[in-house]
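Trainee: Okay, here's the structure, questions in a sec.
The values are calculated or read from the model by the stated rules, or taken from the named source; none is laboratory data. Bear in mind the structure is a predicted one, so any value in this text is a computation, not a measurement. Positions of Cβ are generated from backbone atoms using ideal geometry, with glycine treated the same way; all protein chains shown enter the neighbour counts.
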Amino acid sequence: MGNHQQKLALRRQTLLLKIQAERSLMTIHCNELKQSLGMADVAVGLLGKAGQIARQRPLLGGLAVAAVLVLKPRRIFSFAKSALLGWETWRSVATIVQRMRADTNS
């Protein structure tokens, strides 16, 4: 019976070490995600300002869009594909972010 208890104790210790390693890894990933979200917030802010300028000065916004269409038509599809991929990624990550914020506020 003592051998069985030793095996269980060893198994418990192994699992606790694995849990600690996974928590450390999760902390690293969460910090990377927070940095990425900070960059995304900056990008959203810049796009918001560009949208405000385009609404205030429609001619300027139209000229900017026309310039992009004329100068780099191939890149528009690449950008649209990247934007769609980013949006889908954000949708899948949004619930995790909300949980992290809820845990931080609690």
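Trainee: Name the single residue, out of those in the range 66-95 being among the β-branched types (Val, Ile, Thr) and at pLDDT 80 or above, that is surrounded by the most Cβ atoms within 10 Å (Cβ to Cβ).
Mentor: 93
Trainee: I've got another one for you. Do we find a residue being of a type in the set (Lys, Arg), modelled with pLDDT under 80 and assigned to a helix (DSSP H, G or I) anywhere in the range 49-61?
Mentor: No: the range 49-61 contains no residue that is of a type in the set (Lys, Arg), modelled with pLDDT under 80 and assigned to a helix (DSSP H, G or I).
Trainee: Restricting to the range 65-97, count the residues that are in contact (Cβ under 8 Å) with a residue 12 or more places away in the chain and small (Gly, Ala, Ser).
Mentor: Residues that pass the stated criteria total 0.
Trainee: Another question, then. For the range 29-47, check the following and say yes or no: at least one residue is part of a helix (DSSP H, G or I), more than 24 Å from residue 101 (Cβ to Cβ) and at pLDDT 75 or above.
Mentor: No, every residue in the range 29-47 fails to be part of a helix (DSSP H, G or I), more than 24 Å from residue 101 (Cβ to Cβ) and at pLDDT 75 or above.
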